[in-house]
1. Could you please find all residues in the range 106-149 being in a helix (DSSP H, G or I), under 24 Å from G187 (Cα atoms) and of a type in the set (A, V, I, L, M, F, W, C)?
2. Exactly one of these conditions fails for D102: (1) modelled with pLDDT of 95 or more; (2) over 26 Å from T250 (Cα atoms); (3) not basic (K, R). Give me its number.
3. Going residue by residue through the range 33-41, is there one that turns out to be outside any loop (DSSP other than H, G, I, E, B), in contact with a strand residue (DSSP E or B) (Cβ under 6 Å, 6 or more places away or on another chain), modelled with pLDDT of 95 or more and closer than 27 Å to A145 by Cβ?
4. If the requirement is being touching a Pro at 6+ places or on another chain (Cβ under 6 Å) and either open to solvent by less than 10 Å² (accessible area, probe 1.4 Å) or part of a loop (DSSP other than H, G, I, E, B) (or both), which of these qualifies: V93, V72?
5. For the range 164-262, please list each of the strands (runs of 3 or more DSSP E) lying entirely inside it that holds at least 3 residues being in contact with a helix residue (DSSP H, G or I) (Cβ under 7 Å, 6 or more places away or on another chain), modelled with pLDDT of 95 or more and buried (at least 21 other Cβ atoms within 10 Å of the Cβ).
6. Name the residues in the range 75-86 that are surrounded by fewer than 15 Cβ atoms within 10 Å (Cβ to Cβ) and within 21 Å of the chain's Cα centre (by Cα), would you?
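The values are calculated or read from the model by the stated rules, or taken from the named source; none is laboratory data. Worth saying up front: this structure is predicted, and the values here are computed from it rather than measured. Glycine gets a Cβ as well: all are built from the backbone with ideal geometry, and neighbour counts include every protein chain shown. We work out accessible area using only protein heavy atoms, side chains counted, and drop any ligands, DNA or RNA first. Shrake-Rupley method; radii C 1.70, N 1.55, O 1.52, S 1.80 Å.
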Amino acid sequence: MSGTPGGGTGGGAQPTLVVSLNGSRGAADGSAVPMSPEDLVAAALAAVAAGAREVLVHPRTPCGRESLSPRVVGPLLEALREAGLGGGVAVSVPLSIASEPDHAARLARIRSWTVLPDRAVVRFAEPGARELAQALLERGVAVDAEVQAGGAVPAGGNVPADGAAAAGGNRLAGTEPAAGAAGGRAGSVARFLAWPLRDPARVRLVAELGSAGPWVVAELLRRLPPVAVVLFGREEAAWPALRLAARYGTGARIGVGDVLRLPDGRAARSNAELVAAAARAREVTTAGNR
């Protein structure tokens, strides 16, 4: 296995548990979803008290639209830090088409930030991911390269520099079709593997598992360069993904941004309740692996 599974900072520390505070949710998704900056701060503090070690937050305008504007991102980051979220708790924000459809505008937003997050999520399934990631690294922001654990990946994990997959590539899972038109463009995993990492200590792979099974995770970890890994799933895939993360010793992600129900099917009342349930599930799975 060439990848570095733990999503933490190394040194034998317990793998990171990231809380996804709000994701693409809105008020219609229920009272567990924090909406205002004040609610996001309170939810973050409660989730950290319950066991989360990192916070992923989607900044929003007062009308609820996702935004990368420094006038939206900066005050939210400052509010989280001023509330006492420091002490090694990293805060990340996502860069995606949902927050800014135009690639050039996303780059401009990164360069206009006056308050920087600790990390930023770059979706390698979206165009221009490498350029976005490089712009973040140049500003001193660590990168979470988000991929789907599936798609065409050639044997050995090597693809041409333009991201095109070689013929006869292996599939890590059936959950992600090959991207692009005829001729076979590589999926997000292959795009990440084709990125020449110059600073792997500041890059982490964040893999959405979908319906992927244990063999997919093992194969993914085997092919990776030496980067930390966080696994997560959405909705019904969230809890199986968390248990797989515990099984393989990687970081994990949970929160109302990804799932609204507890492992027993009950509706979660808060991010903190999901994090506490995740911590218990991880302990049970880890104990079973001994």
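1. Selection gives L107, A129, L132, A133, A135, L136, L137.
2. Unmet condition: (1).
3. Within the range 33-41 (the criterion being outside any loop (DSSP other than H, G, I, E, B), in contact with a strand residue (DSSP E or B) (Cβ under 6 Å, 6 or more places away or on another chain), modelled with pLDDT of 95 or more and closer than 27 Å to A145 by Cβ), the answer is no, since none of the residues qualifies.
4. On inspection, the qualifying residue turns out to be V93.
5. By residue number, 228-232, 251-254.
6. Selection gives G86 alone.
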